[in-house]
Each structure stands twice: as structure tokens, then as C-alpha cells.
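The next block holds one structure in the form of C-alpha cells; read it before the comments.
The values are calculated or read from the model by the stated rules, or taken from the named source; none is laboratory data. The model shown is predicted, which means the values in this text are computed figures rather than measured ones. Please note: Cβ atoms are built from the backbone with ideal geometry, for glycine as well, and neighbour counts cover all protein chains shown.
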Amino acid sequence: MLPVYSLQSIEKHYGSQTALHLERIELYRGRIYSLVGPNGAGKSTLLNILALLAPPCRGSIDFAGERVRWRSGHLKRHRSQITLVHQSPYLFDRSVYQNLAFGLSLRGIHGAEQHRRIDQALDALGLSGFQQRPARQLSGGEAHKVAMARALALKPKVLLLDEPTAYLHPDAVPALEKLIESLRAGGTTIVLSTHDPNQPERLGSEIIHLINGRLAEQSPIGPGIAVPLPLPLPPQAAGAAA
């Protein structure tokens, strides 16, 4: 099976600091991957690279079997298949409907199809009736759900989520996790970062454990499959996680 992503010898530096140093990672269609590790481990940096928003300083990325070239025309075609939902998503100072319609309009989706996708996405997040709500008057949890609905309306092949349940009320987490699992069944590849130690198991996801920008562990989990214990944190990483 051809991987959706193949990353080789990836390095990302910010000044003298190494944010990522990954020898090889392959991600496949219709799977969920959970990025775990302490703050500063490189999870958000990896998500930005997978979203093709930040080029690595070194190494290569193949997306859908094609080498990624960091030129605008080439990137635009790939980015149309990838959506990243940030931990603190930005919403336009417009209605919820207009926030969802913006990306669809850029992709040439208008009229009845646009209405259908927006209504369907909002309903999936429990936001039916929110179309005309001013986005800036939403609570933090509602805003994050709107950002998630905006991503779903685009029907991406790859969905990248930075701490998707961080701002949700605990009662709302199971419904979102069920939604994420349903996307996998439809063939979407999902990569999410999380600090919830139990979330990867609940999602049946593969764990990608990062420490100091390096891959400490990548292992599948699920019923009857053992998960290796995480590697012990080095002193500096343990301090960052405290």
C-alpha cells in the first residue's frame, strides 16, 4: 500500500535549536495517528510540516506518492487535500455560516452543495442552528467546534488536529472522538496531537511518541495488541513536561 506521507531525514531548526530530527515516518490512508510527548517535543512543528505550511530545513516529503516541491503552484494542489485545525483556531469576524463558506468558495463550491456541506458539518458537531451566530460571540469550545466543522466541510483526505479536545467540556469529548473514528472509516487519514494519555487507546490510533524532536516510539494499539512503554524522559524533557 502506498503511504499518504513518507518523510525521510527531516530536520527543522529555529536558530540554533533543533525542533525536529526524524529519520523516517510513513503514514497511511484511513488510519489515526496520535502524536504524544511533552511540551516542546515537536508535535506542533510536525503538524505544520505535514500541512505543508512550513518546509523542513533538511530532508524530503512524499505526499500521495509524489515528491513535495516547495513552490506555490505545486503546494496549492497538495494543500487542497489537507486541513489543519489549530489548537487556538482563527475565526473571521463574521457569521458561523460565512466562516464555513469561505474555504468552500475558494474551492469553487457554491449554491446548494455549499449549503448542504455546511449544514451537514455543523450537524455533525452538534451545532445545528448556529449558522447565523456571530463567530466572535462563541465560547472557546463552540469556536473550536466551528473550526472543526469548517475542516469537515472541505472533505479533506488528511485531517490534522492540534489538541482537538483541549477546550471541550469533558461531556463533549466522546462525541468528537466518535466523529474522528467515523472519518477514519471513510478513508480519511487523521493525525492529532494530544496530552490525554488515554485518548490514543480510545481512538484505536497508532502512537507517534516524540521527545526532543526525535521519534521515541511508533507503535499500533488496539484490542489484543501490546503497547511498548514510553521511553523515560531525559532530564530536560522531564522538566519541560512538569
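When we screen Gly126, Gly111 for residues that are loosely packed, with under 12 Cβ neighbours inside 10 Å and either out of contact with any Phe, Trp or Tyr (no Cβ under 9 Å at 6 or more places or on another chain) or on the phi > 0 side of the Ramachandran plot (or both), the only hit is Gly111. The C-beta contact set for segment 94-107 (first residue under 12 Å from Leu122 (Cα atoms), second residue hydrophobic (A, V, I, L, M, F, W, C) and not in a helix (DSSP H, G or I), distance under 7 angstrom, 6+ apart or interchain) comprises Val96/Phe130; Asn99/Leu91; Asn99/Phe92.
Pairing each residue of segment 179-204 that is in a strand (DSSP E or B) with any residue that is of a type in the set (Phe, Trp, Tyr) and surrounded by 15 or more Cβ atoms within 10 Å (Cβ to Cβ), provided the two are 6+ apart or on different chains, yields C-beta distances under 9 Å for Thr189/Tyr5; Thr189/Tyr33; Ile190/Tyr33; Val191/Tyr5; Val191/Tyr33; Leu192/Tyr33. Each residue in segment 89-110 was checked for being closer than 19 Å to Leu176 by Cβ, outside any helix (DSSP H, G or I) and out of contact with any His (no Cβ under 9 Å at 6 or more places or on another chain), and 1 of them qualify. What number of residues in segment 42-93 are farther than 27 Å from Asp123 by Cα, in contact (Cβ under 8 Å) with a residue 60 or more places away in the chain and either surrounded by 13 or more Cβ atoms within 10 Å (Cβ to Cβ) or in contact with a Lys or Arg (Cβ under 9 Å, 6 or more places away or on another chain) (or both)? Number of matching residues: 7.
If the condition is being part of a strand (DSSP E or B) and more than 17 Å from Asn48 (Cβ to Cβ), then segment 1-21 contributes Ser6, Gln8, Ser9. Here is the figure for segment 149-178: residues that are in contact with a helix residue (DSSP H, G or I) (Cβ under 7 Å, 6 or more places away or on another chain) and either at pLDDT 95 or above or assigned to a loop (DSSP other than H, G, I, E, B) (or both) total 14. Looking at the structure I just gave you, is Gly187 at positive phi, touching a strand residue (DSSP E or B) at 6+ places or on another chain (Cβ under 9 Å) and modelled with pLDDT of 60 or more? No; evaluated as a whole, the condition is false for this residue.
Residues that are more than 21 Å from Gly187 (Cβ to Cβ), more than 20 Å from the chain's Cα centre (by Cα) and modelled with pLDDT under 95: does segment 74-86 have at least one? Yes - at least one qualifying residue is present in segment 74-86.
State all residues of segment 1-31 that are acidic (Asp, Glu) and surrounded by 14 or more Cβ atoms within 10 Å (Cβ to Cβ); if no residue qualifies, say none. Across segment 1-31, the qualifying residues are Glu11, Glu26.
Looking across segment 143-162 at every residue that is surrounded by fewer than 21 Cβ atoms within 10 Å (Cβ to Cβ) and of a type in the set (D, E, K, R), the one that is nearest to Leu91 (Cα to Cα) is identified as Lys155. If the condition is being closer than 15 Å to Asn99 by Cβ, among the basic types (Lys, Arg) and assigned to a helix (DSSP H, G or I), then segment 111-148 contributes Arg117, Arg136, Lys145. When Ser34 is tested against (1) within 12 Å of the chain's Cα centre (by Cα); (2) in a loop (DSSP other than H, G, I, E, B), exactly one condition is not met: (2).
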